[in-house]
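Worksheet for the structure shown next.
The values are calculated or read from the model by the stated rules, or taken from the named source; none is laboratory data. Quantities reported herein were computed from a predicted structural model and do not represent experimental measurements. Every residue, glycine as well, gets a Cβ built from its backbone with ideal geometry; the counts of neighbours run over all protein chains shown.
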Amino acid sequence: MTTADLLGKILQVVMGLAVFAAVVGLLIFFIDKAPKKGRDYWQLGLFLLPGMLFVAIGLVYPAIRTSLLAFQDNSGDWTLDNFIWMFTQPAAIRTLINTVIWVALAPIISTVIGLAYAVFIDKSRGERYYKVILFMPIAISFVGASVIWRFVYEYRSGDREQIGLLNALVVAFGGEPVQWMQTAPVNTILLIVIMIWIQTGFAMVLLSAAIKGVPTEQIEAAQLDGTNAWQRFRNVTVPGIRGSLVVVFTTISIATLKVFDIVRTMTAGNFDTSVVANEMYTQAFRASEIGRGSALALILFVFVLPIIIYNVNVLRKQREIR
Amino acid sequence: MRLTRHRRWMTPVVAAAAIGLALTACTGDIAEEDAADVDCGPYEEYGTFDGADVTVGGTILDIEADRLNESWADFETCTGIDVAYQGSSEFEAQIAVLAEGGNAPDVGFIPQPGLVQRLADGGWLIPGSEAVEANADEWWSEDWKQYGTHDGTFYGAPLMASIKGYVWYSVAEFEEKGYEIPATLDELTELSATIAAEGDHKPWCVGLESGDATGWPGTDWVEDYMLRLHGPDVYDQWVTHGIPFNDPQVAEAFDAVGEYLKNDDMVNGGIGDVSTLVTEAFQTAGLPIIDGSCSLHHQASFYETFWNPEGGDEVTVASDGDVFGFLLPPAEAGDPLSVTGGGEIVVAFREAEEVEAYRAYLSSDTWANNRVSLGGVISANRGLDPEVASSELLVQSIEILQDPETTFRFDGSDLMPGAVGADSFWKGIVAWVTGQSTAQVLDTIEASWPTS
């Protein structure tokens with residue numbers, strides 16, 4: 001690339017931004033000049049239009065196409081083979097089971113640890129610093145975190161010095177080093193630990209903010225009624241932060257269902273650790289079995305659906321109470 | 001007040017200027033080559049173009065990509081075609097998506113014949129021009145031309161090549177202990193047993209780890225044994241699913257490989273036991289040979305550049321140097337030489353004269369000699385002068401490729417459908433060396449073979 005190329009590219013960016021600004025400006029100008037009658041609808045429609053357009057192109061169309069592709073084979077004929085493959089092949093079933101294990105463990109454990117941590121550090125000295133420490137991992141990308149944890153789980157055979165923290169500990173206590181990433185089912189659990197490590201900070205920060213929103217009067221009233229700390233926590237704090245708990249739990253659940261980076265970076269789906277999202281990419285893009293990939297995507301969608309419905313339901317109930 | 005206002009727009013301007021200046025550091029102002037300095041004789045046949053651009057995509061990266069650019073610099077100067085090469089390690093995964101969306105580069109270097117077939121099936125490829133086909137007929141063997149042909153239509157000529165199935169060894173150790181280079185697979189078994197019996201180290205070092213492609217070096221082993229044990233015809237049936245993947249002949253090849261890969265007496269020299277195969281990176285797996293804790297390492301000709309991971313020439317690769325390679329021997333002493341290997345096919349996604357001129361140049365002997373003389377690679381182009389290659393091993397490899405007696409077969413996993421060749425075969429190898437039985441693995445791979 002030469003300097004002239006670079007200048008050309010910068011100019012392109014500037015021009016693009018200018019055109020975008022001009023179009024938006026023009027649009028707003030015309031909305032303002034819309035006929036008086038039904039102006040609200042005109043304005044509503046025009047302002048919604050760009051957003052709806054993006055949703056249609058970026059979400060609705062691909063979703064429909066993926067659903068159709070899931071029922072086609074490579075030559076475009078209609079078939080159920082992709083689903084038969086998914087529920088009969090041991091390797092494919094394994095990915096489904098693993099995904100269930102992930103969703104069963106990661107959200108609960110990270111929410112519980114995050115909640116406990118938030119409660120314990122609440123109003124303590126140096127609360128801010130404790131928060132920063134736990135929140136830090138969330139700033140690291142999944143791939144970055146996986147690379148770090150790969151070193152923790154690293155294995156060196158025999159008498160070579162262990163460079164992995166976990167194996168170094170095992171050896172220090174007189175054990176034999178273990179090939180953590182190759183030993184099923186421990187490897188899946190160890191991968192889930194990475195997810196928990198990342199997500200706990202997120203849970204903690206949100207729940208901590210929610211705890212601070214619980215009215216002091218209620219806590220004091222409970223105190224006067226002679227409750228102990230556990231009862232106060234159980235009967236005052238938790239109901240008070242129920243909305244946040246659900247949001248945290250469902251957000252982490254969805255992130256866990258989509259987990260791809262960790263598995264791909266750590267084991268690439270080998271040693272019985274593959275999950276649906278990883279298998280979806282592998283099938284669709286590397287194995288060029290678009291149908292199988294789409295079928296897995298569809299399953300993922302079916303998994304996510306109840307969580308979202310639950311989330312929306314709880315939030316709606318909360319609003320009704322208010 | 002004035003000052004604050006002034007500041008408000010000063011900050012972004014200063015920031016933009018700083019970023020702009022910083023970005024100029026990324027640009028290498030390459031001086032345009034002066035046409036007067038270049039001998040344009042060999043390029044006259046391709047014509048001249050005014051302001052024509054050709055974009056090229058492939059898997060080749062870093063220094064190899066720089067050498068590619070260098071290999072057609074004169075061509076660009078003389079013909080006026082501007083070639084822009086963009087390499088990506090995700091190229092194979094993305095090219096079909098790009099092609100479907102109409103965003104493919106003008107030319108693609110496809111390292112898998114199976115992928116060429118798929119792209120041709122999708123109707124995205126432009127058939128090769130007469131000039132390209134004439135070159136393919138003149139300079140390449142029928143086998144090689146076949147890899148760029150689909151349903152009788154010729155889509156592109158090969159580019160470079162590599163030979164798989166080299167066994168790397170320490171020259172000094174072989175001399176010192178009087179080991180002979182084996183002439184048959186049985187002799188190789190005996191040699192391995194001898195080394196193992198002498199006791200101070202295991203004979204083979206193997207690394208199958210390669211990120212999300214972990215397992216592929218193992219597929220090379222199996223392919224080499226399939227070709228040597230059962231010959232090219234069975235090999236062709238195997239890769240085209242003429243025989244099932246769990247055929248007894250395939251099982252035989254797996255078990256023969258298993259004598260080494262699944263045997264704790266044989267692997268993993270300098271690294272550990274069998275379980276370390278899947279965690280040792282293929283790039284570094286052969287290096288224990290240098291310190292004498294391993295004697296033999298199976299890897300393609302490209303491994304030559306891996307012996308000096310830090311660059312430089314501390315380890316010399318030559319028959320009288322530190323390390324050298326011999327081809328995995330045939331099954332019986334009298335068998336003809338059979339090798340497996342790889343290479344790229346040059347396909348086009350846009351119909352234009354400049355694209356065909358560029359493809360014609362790449363398929364010519366001129367290009368092959370230009371590129372190979374820059375070092376590091378070989379080509380199966382018959383017009384290539386072996387002497388221009390950069391090392392003894394490459395000269396030897398070119399001679400093998402050009403020998404009409406040699407049976408050449410493309411790397412089998414690159415010929416199989418992606419679901420097998422780029423997924424279940426690799427995963428199967430990993431499962432196999434970590435404990436699954438041959439029958440179990442072969443059944444799983446067979447079941448993953450796409451029905452359509």
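Residue B:184 falls short on exactly one of the conditions (1) free of Cβ contacts under 8 Å to residues at least 60 places away in the same chain; (2) in contact with an Asp or Glu (Cβ under 8 Å, 6 or more places away or on another chain); (3) surrounded by fewer than 18 Cβ atoms within 10 Å (Cβ to Cβ), and that condition is (1). For region A:1-74, the helices (runs of 4 or more DSSP H) that sit wholly inside it and include 1 or more residues that are within 14 Å of chain B (Cβ to nearest Cβ) are A:3-32, A:61-69. Restricting attention to region A:75-104 and to residues that are closer than 27 Å to residue A:270 by Cα and in a loop (DSSP other than H, G, I, E, B), the residue that is farthest from the other protein chains (Cβ to nearest Cβ) turns out to be A:80. The criterion of being farther than 30 Å from residue A:210 by Cβ, out of contact with any strand residue (DSSP E or B) (no Cβ under 9 Å at 6 or more places or on another chain) and either away from every other protein chain (no Cβ under 14 Å) or surrounded by fewer than 15 Cβ atoms within 10 Å (Cβ to Cβ) (or both) does not hold for residue A:177.
If you scan region B:190-216, which residues turn out to be within 14 Å of chain A (Cβ to nearest Cβ) and assigned to a helix (DSSP H, G or I)?
Once the filter is applied, which keeps residues that are within 14 Å of chain A (Cβ to nearest Cβ) and assigned to a helix (DSSP H, G or I), region B:190-216 yields only B:216.
Filtering region B:387-410 for residues that are buried (at least 24 other Cβ atoms within 10 Å of the Cβ), more than 14 Å from chain A (Cβ to nearest Cβ) and part of a loop (DSSP other than H, G, I, E, B) leaves an empty set. Restricting attention to region A:100-150, the residues being over 19 Å from the mean Cα position of the chain (by Cα) and over 19 Å from residue A:188 (Cβ atoms) number 18.
In region B:327-347, the residues that are among the charged types (D, E, K, R) form Cβ pairs under 7 Å with partners that are in a loop (DSSP other than H, G, I, E, B), at six or more places apart or across chains, as follows: B:332/B:184; B:344/B:111.
Filtering region A:139-164 to residues that are part of a loop (DSSP other than H, G, I, E, B) and away from chain B (no Cβ under 12 Å) leaves A:140, A:141, A:161, A:162, A:163.
For every residue, the table says whether it meets (1) within 27 Å of the chain's Cα centre (by Cα); (2) in the same structural domain as residue B:89 (by TED's automatic domain parsing); (3) not polar (S, T, N, Q).
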site: B:204; (1), (2), (3): yes, no, yes
site: B:211; (1), (2), (3): yes, no, yes
site: B:214; (1), (2), (3): yes, no, no
site: B:248; (1), (2), (3): no, no, yes
site: B:251; (1), (2), (3): yes, no, yes
site: B:256; (1), (2), (3): yes, no, yes
site: B:270; (1), (2), (3): yes, no, yes
site: B:274; (1), (2), (3): yes, no, yes
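Note on region A:181-220: residues that are under 25 Å from residue A:272 (Cβ atoms) and crowded, with 20+ Cβ neighbours inside 10 Å amount to 11. Only a single item in (1) aliphatic (A, V, I, L, M); (2) free of Cβ contacts under 8 Å to residues at least 12 places away in the same chain; (3) over 30 Å from residue B:277 (Cα atoms); (4) in contact with a helix residue (DSSP H, G or I) (Cβ under 8 Å, 6 or more places away or on another chain) is not met by residue A:222, and it is number (2). Restricting attention to region B:259-300, the residues being in contact with a Ser or Thr (Cβ under 8 Å, 6 or more places away or on another chain) and over 21 Å from residue B:224 (Cα atoms) number 10. Determine, yes or no, whether residue A:85 is within 30 Å of residue B:449 (Cα to Cα), surrounded by fewer than 18 Cβ atoms within 10 Å (Cβ to Cβ) and modelled with pLDDT under 90. Considered against the rule, which asks whether it is within 30 Å of residue B:449 (Cα to Cα), surrounded by fewer than 18 Cβ atoms within 10 Å (Cβ to Cβ) and modelled with pLDDT under 90, residue A:85 comes out as no.
Looking only at region B:433-452, residues that are in a helix (DSSP H, G or I), free of Cβ contacts under 8 Å to residues at least 24 places away in the same chain and within 9 Å of chain A (Cβ to nearest Cβ) come to 2 in all. A count restricted to region B:240-274 and to residues that are crowded, with 19+ Cβ neighbours inside 10 Å, in a helix (DSSP H, G or I) and without any contact (Cβ under 8 Å) to a residue 40 or more places away in the chain stands at 2. Residue count for region B:298-351, restricted to those that are under 19 Å from residue B:414 (Cβ atoms) and not small (Gly, Ala, Ser): 11. Among the residues of region A:271-287, count how many are surrounded by 21 or more Cβ atoms within 10 Å (Cβ to Cβ), within 13 Å of another protein chain (Cβ to nearest Cβ) and either free of Cβ contacts under 8 Å to residues at least 60 places away in the same chain or assigned to a helix (DSSP H, G or I) (or both). Qualifying residue count for the region: 7. When only residues in region B:275-306 that are of a type in the set (S, T, N, Q) and within 14 Å of chain A (Cβ to nearest Cβ) count, which is surrounded by the fewest Cβ atoms within 10 Å (Cβ to Cβ)? The extreme case among them is B:284.
Residue pairs whose Cβ atoms lie under 9 Å apart, separated by 6 or more positions or on different chains, with the first residue in region A:164-192 and closer than 25 Å to residue A:105 by Cα and in contact (Cβ under 8 Å) with a residue 60 or more places away in the chain and the second of a type in the set (Gly, Ala, Ser) and in a helix (DSSP H, G or I), are A:182/B:275; A:191/A:146; A:192/A:106.
For (1) crowded, with 22+ Cβ neighbours inside 10 Å; (2) under 25 Å from residue B:341 (Cβ atoms); (3) modelled with pLDDT under 90, each residue gets a yes or a no:
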position	(1), (2), (3)
B:41	no, no, yes
B:45	no, no, yes
B:64	no, yes, yes
B:73	no, no, no
B:93	no, yes, yes
B:97	no, no, yes
B:100	no, no, yes
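Counting only helices (runs of 4 or more DSSP H) that fall entirely inside region B:71-158 and contain at least 2 residues that are within 23 Å of the chain's Cα centre (by Cα) and within 12 Å of chain A (Cβ to nearest Cβ), the qualifying elements are B:91-100, B:113-121.
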